[in-house]
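Remarks on the structure that follows.
The values are calculated or read from the model by the stated rules, or taken from the named source; none is laboratory data. These numbers were taken from a predicted model, which means no experiment stands behind them. Here the Cβ positions follow ideal geometry from the backbone for every residue, glycine too, while neighbour counts run over all protein chains shown. Each accessible area value is taken on the protein alone, full model and side chains, heavy atoms only, with ligands, DNA and RNA left out. Shrake-Rupley method; radii C 1.70, N 1.55, O 1.52, S 1.80 Å.
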Amino acid sequence: MNLSMSDLRQLSWSGVADWLVGTPLLVLVTIVIGFLALWAMRRLINRVVATAASKRAERLAGILNGRRASSSLGAANARHVQRTRTMGALLKSITTFVIFGVTALTVMSLVGIPLTPVLTSAGVGGVALAFGAQSLVKDFLSGVFMIVEDQYGVGDVIDTGEVVGTVENVSLRVTQLRDGTGMTWYVRNGEIVRIGNKTQGWSTALVDIPIAYDQDVEKAISVIRDVVSVMDDDEAFKDILLEEPTVAGVESIANGAITIRITAKTVANEQFGVQRDMRERIKVGLDRAGVRSPLPVMPPYGGAAPR
């Protein structure tokens, strides 16, 4: 704006005051409101994050019955808190972008800058971006919901439909898995239709012990119960077994064998070690009790056929 000498002579303090009370004051109020809105939203997000973390801790404690595995509970809690904070940081970034954008457009409107070309260009660019990056947006939204809903995390063994493996990394776009052969898979979050989490909260150790058809079932079950009871009292399993293993009884009778099933509730992803140790202990216990296993269908390598 060009001011002539006559304009400057006509300028008065009342005119300056009127001008300051007008547009500059509105601009200042708009900026202050923007910062207040940002502060309020950040406080709200922090409160939501804290509430989500506490509710998750209560739910996980209920699942684990509060009996044992305090270390596992703490690790699971820490993982969820970290993930929730990551989502909180993402929401804060989005909120900051939106509030600052609205504030900037409002200030531009107050100072007289035409917004129609800006909004038109942004609309055309948004439509083009939406058509060109549909899969990216789909992956991003799926990743957000996976993190918010705590469907899986690093260290979990999951089944995505296409591959089963251990989660090594989770981002908003892709999930990195490593299967049993050691191969690394990168699965786009938007392509995952269903997820089966084998290690969330707690796991089940399942052991089937076959004995010969002519053996005393009650004796075998009694021996197995003694073995799993001793195993439950072992200090090495205090933070792994969530409850005493259960001898379910006879699971099947087929091909000259009686199969006895044992189940145990364990810390997530610890069932495999429990199964191996349980089989070894039960084998030793049955040998000492004289309970015979089923005869092999084929003779041993280089040996005579069993009698």
ask   = Residues in segment 244-257 that are of a type outside the set (D, E) and open to solvent by 40 Å² or more (accessible area, probe 1.4 Å): how many?
value = 8
message = Within segment 221-232, does at least one residue satisfy the condition of being at pLDDT below 90 and at negative phi?
response = yes
request  = For residues that are modelled with pLDDT of 90 or more and in contact with a strand residue (DSSP E or B) (Cβ under 7 Å, 6 or more places away or on another chain), tally how many sit in segment 266-283.
outcome  = 5
key: Which listed residue, of L206, L241, is in contact with a strand residue (DSSP E or B) (Cβ under 7 Å, 6 or more places away or on another chain) and either open to solvent by 60 Å² or more (accessible area, probe 1.4 Å) or within 11 Å of I258 (Cβ to Cβ) (or both)   = L206
note = Residue hits (segment 226-282; under 25 Å from the mean Cα position of the chain (by Cα) and part of a strand (DSSP E or B)) are L241, A264, K265, T266, V267
inquiry  = For the structure I just gave you, tell me whether V291 is open to solvent by less than 70 Å² (accessible area, probe 1.4 Å) and more than 30 Å from G165 (Cα to Cα).
reply    = yes
request  = May I ask you to verify whether V48 is in a helix (DSSP H, G or I), closer than 18 Å to D150 by Cβ and either at pLDDT below 80 or not basic (K, R) (or both)?
outcome  = yes
request  = Only residues that are open to solvent by 70 Å² or more (accessible area, probe 1.4 Å) and assigned to a loop (DSSP other than H, G, I, E, B): list them for segment 146-199, please.
outcome  = E149, V154, E162, R173, G180, T181, M183, V193, R194, K198
request  = Please state which of the following conditions L3 fails to meet, knowing it meets all the rest: (1) assigned to a helix (DSSP H, G or I); (2) modelled with pLDDT under 85.
outcome  = (1)
request  = Out of the residues in segment 121-171 that are closer than 29 Å to T51 by Cβ and more than 12 Å from the chain's Cα centre (by Cα), state the one that is modelled with the lowest pLDDT.
outcome  = V137
